[in-house]
Amino acid sequence: MKGRWFSFLIALLLAMGWSFAQTPVRGGTLQIGADASPSGLDPHVATAFASFIVTGQIYEGLTEIDERLRPRPALAESWTVSQDGLTYTFKIRSGVTFHDGKPLTAGDIAFSINRVRDPKTGSPIASRINLIKDVRATSPTQLVVELSQPFAPMLIELANIAVMSEDYVKAGNDMQRKPMGTGPFAFKEWVPDTYILLERHPRYWRQGRPYLDALRYNIVPDAATRQVGLASGTYQFLPNIDPSLAVTLRNTPNVKLITTQDLAYSLIGMNVSRKPFDNPRVREALNYALNRQQIVQAVYFGNGTPAGPLGLRSWASPTSAFPCYNTNPARARELLAQAGYPNGVDFGMIVIGSNKTVVDAAQVVQQQLALAGFRAKVEVLEQGKFIQEWRNSNFDTFASINGGNADPDGYLFRTFSTGGSTNVFKFSNPTVDRLLNQGRTTVNEEARRPIYARLQVELACQGPIAHLVYGTLFSAARENVQGFKPIPTRSLIYLRDTWLAR
Amino acid sequence: MMLSFLVKRSLDLLFVLFGVSVLVFLMIRLIPGDAVQIMLGANTEITPEGLAALREKLGLNKPIFVQYWDWLSAALRGDLGQSIWTGRPISEEILQRLPITLELTFLSLIIAIGLAIPVGVLTAYWRNSSAEYLIRLFSITGVTLPSFWLGTLLIFLVFKLAPGWQSLGYVPFSQDPWGHISRLVLPVITLSLPMLAGLGRVLRSSLLDVLNQDYIRTARSKGLSERVVLYKHALRNAMIPLVTVIGIQVGYLFGGAIVVEQVFAIPGMGRLILGAINERNYPLIQGAILLVTTAFVLINLLVDLVYAKLDPRVEYA
């Protein structure tokens, strides 16, 4: 009897040791529960996370963004920058092969960057790299990129440009349906509304990676179904989930939550070409009326932080730098009166209906604003209609959520510069424009800091956006999913280091 | 007689299909946010010229009547066009999904009808007994439960009671027969329960009507056994309203399949249509709705034919 107990104990200890062992194990398929079906898998034209969580495994860039939001070498082994900051010379990693077996050359990279720049592609990242004047491969392993002006976020922007095979694209392959790159996983199969299957790239350049044999993105639209699926082990990994789902999964046995700060933030956008938000005092008053801490509690279940125009930890000014972040409905009324609205204002607020967090936040905001004389008529819109109104600047205000960028210029320039590509607010301010240009063309990081500190103060209280909350980014996984690290940009590059403990 | 009836009904069918095709064509184009806007999403880089080029490529720059005529004339030749997102033929997209939904709805239909008959008979016979109250309570609950809620509840219940059960998603029968069936159980229950409850109630009340008729009393007084009275005389006549309701319910079944497919992550017609609407995939919506309408109209024709089988007095003219 005693002997049996003893061997049982040994077996138990062995089993525990097995699961706690930190040596990664090769093999296995990771069952991912994804909330939406991507509409296409061409990373040069995609705009949705549903596409990026898949293409991020298939493709790589010259650089990649790490968990501290710094660029580091990927397909480029190293680089040099000329004294004037206008010429970048990249040494391309050798021994990299595409999934079809062809070796990567500098020519493929030049082709990919030019594909993004080509207006015929219609790429949403084209304007991000509009300071690139010329790209050329000077040898199979050397790439030269010339700029028309120094551009501080250059290395970060290059991480977003997926490198494709020139031959493969020119052979007329449908890049939306049959992606092919150099990444750790190769595209295998896509059954619409069911799953997308990626298989291990056997000749991946990072030795011994990836550990997993395959990734299977199961498309499961219903949140409750994903929750039960993870609890029962049908799915092993739910990337980038809503805070409400995270709260319900918190105490589930054999399930762990993986967290980091999210770069995405909820916001109220104001149309400055319409009354009353053409008046900066009214915009300031709206900020005074908001109670961001309350939104964190009520909508984010405590998992978030109020922040200003920049949420990036390394660049963000503390909210104490913005006086209007001290909730004060009386001050808000006073400002409204000064702006000529002693009886308060009536206006519309459109809300993107596809995001639960935003819909919840809009309701709380409506209540808070009402206390200060802002009477918002809230209208929750289906995504297609919302995008149309947003694009055409057909709103008084809107509530939405924006993805963030690893460099401050990535978000601020397109949003707040006069005529910027996502400046749907029609905001135009010469001081802001000057600072934005200064910020992107100053390469030295210490010299950039004061510029962005100044910009944040300019924009926080009187800008066209009232920034609400930066949430905590949650992913949920079964306990035996090891080695994954989250990144605030929501990219899943560390699936290449992920393994399944037995 | 029969032939002229069929010809007449076929003409009706064409008329209905034409009406539906016009309605669907116009309605999806009246939803705010057109295909091009949705396709671009948050992509604001595109120039007005690029936008125009994209519209032209999709044929959306033409006047709406021309668009309709182009589509209709191709559809009459059997060509439903191509999905504007995937570029694949619509017929191919639909054929991939249709069998899944057909299997789901037919299984639910068979189970609902198969169980509704004993439930209806028993409740009619056991009138005012406690068993009848129990079944009635069950059927009222069944009719009123929304299927998205019932589906989620079943998923949770099965997870608590039988954690090993594979109940989510879809695998083809050819790949894993047992996995295929085990994943169908919950969706079929979710879909058939409201229908079973509704049909059971209809059968009960029509059976009660019939059982009070003179010819039933005559049959009983002739000394026929209760079995024969029930099956040969009562049930057959009570079936007519039931068949009508089944015909209507099949339409609801397609609607319910959309919700059930969403909850259980099943890639059927419901998900296809829902996704197509969200993407404003015009040709795909048109093709799919046209197909579902055809099916619905044909089922109603079938119902009319079944009347004649059940009741020889019904004539077709």
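Here, each number is a calculation from the coordinates, and none is a lab measurement. Keep in mind that this is a model prediction, so the values were computed, not measured. Counting neighbours? That spans all protein chains shown, and the Cβs are built from the backbone with ideal geometry, glycine included.
Data table
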| item | result |
| --- | --- |
| Members of region A:387-420 found to be among the small types (Gly, Ala, Ser) and crowded, with 19+ Cβ neighbours inside 10 Å, listed by number | A:Ala399, A:Ser400, A:Gly404, A:Ala406, A:Gly410, A:Ser417, A:Gly420 |
| Pair list, Cβ < 8 Å and 6+ apart or interchain, from region B:260-275 residues that are more than 9 Å from chain A (Cβ to nearest Cβ) to residues that are of a type in the set (S, T, N, Q) and surrounded by fewer than 24 Cβ atoms within 10 Å (Cβ to Cβ) | B:Val260/B:Ser147; B:Gly270/B:Gln262 |
| Test: residue in region B:40-59 that is of a type in the set (A, V, I, L, M) and loosely packed, with under 12 Cβ neighbours inside 10 Å | no |
| Breaking point among (1) within 14 Å of another protein chain (Cβ to nearest Cβ); (2) under 28 Å from A:Leu436 (Cβ atoms); (3) among the small types (Gly, Ala, Ser); (4) assigned to a loop (DSSP other than H, G, I, E, B), for A:Ser39 | (2) |
| Members of region A:468-502 found to be touching a strand residue (DSSP E or B) at 6+ places or on another chain (Cβ under 9 Å), in a loop (DSSP other than H, G, I, E, B) and of a type outside the set (Ser, Thr, Tyr), listed by number | A:Glu479, A:Asn480, A:Gly483, A:Phe484, A:Lys485, A:Pro486, A:Ile487, A:Pro488, A:Arg490, A:Leu492, A:Ala501 |
| Members of region A:42-60 found to be within 14 Å of another protein chain (Cβ to nearest Cβ), in contact with a Pro (Cβ under 6 Å, 6 or more places away or on another chain) and assigned to a loop (DSSP other than H, G, I, E, B), listed by number | A:Thr47 |
| One residue from A:Ala126, A:Ala159, A:Ala152, A:Ala110 being under 26 Å from the mean Cα position of the chain (by Cα), of a type in the set (A, V, I, L, M), surrounded by 14 or more Cβ atoms within 10 Å (Cβ to Cβ) and within 14 Å of another protein chain (Cβ to nearest Cβ) | A:Ala126 |
| 3 or more residues polar (S, T, N, Q): qualifying strands (runs of 3 or more DSSP E) within region A:335-434 | A:397-402 |
| Boolean, A:Phe484 is in contact (Cβ under 8 Å) with a residue 24 or more places away in the chain, within 28 Å of A:Ala126 (Cβ to Cβ) and either touching a helix residue (DSSP H, G or I) at 6+ places or on another chain (Cβ under 8 Å) or crowded, with 23+ Cβ neighbours inside 10 Å (or both) | no |
| Every residue from region B:211-224 that is under 17 Å from B:Leu122 (Cα atoms) and not in a helix (DSSP H, G or I) | B:Asn212 |
| Entirely in region A:223-327, the helices (runs of 4 or more DSSP H) that have 2 or more residues that are in contact (Cβ under 8 Å) with a residue 40 or more places away in the chain and either over 30 Å from B:Ser167 (Cβ atoms) or basic (Lys, Arg) (or both) | A:280-289, A:292-300 |
| Complete set of residues in region A:356-372 that are crowded, with 17+ Cβ neighbours inside 10 Å and without any contact (Cβ under 8 Å) to a residue 60 or more places away in the chain | A:Ala362, A:Gln366 |
| Among residues of region A:175-204, those that are surrounded by fewer than 17 Cβ atoms within 10 Å (Cβ to Cβ) and away from chain B (no Cβ under 14 Å), counted | 3 |
| Yes/no for A:Thr63 being free of Cβ contacts under 8 Å to residues at least 40 places away in the same chain and away from every other protein chain (no Cβ under 14 Å) | no |
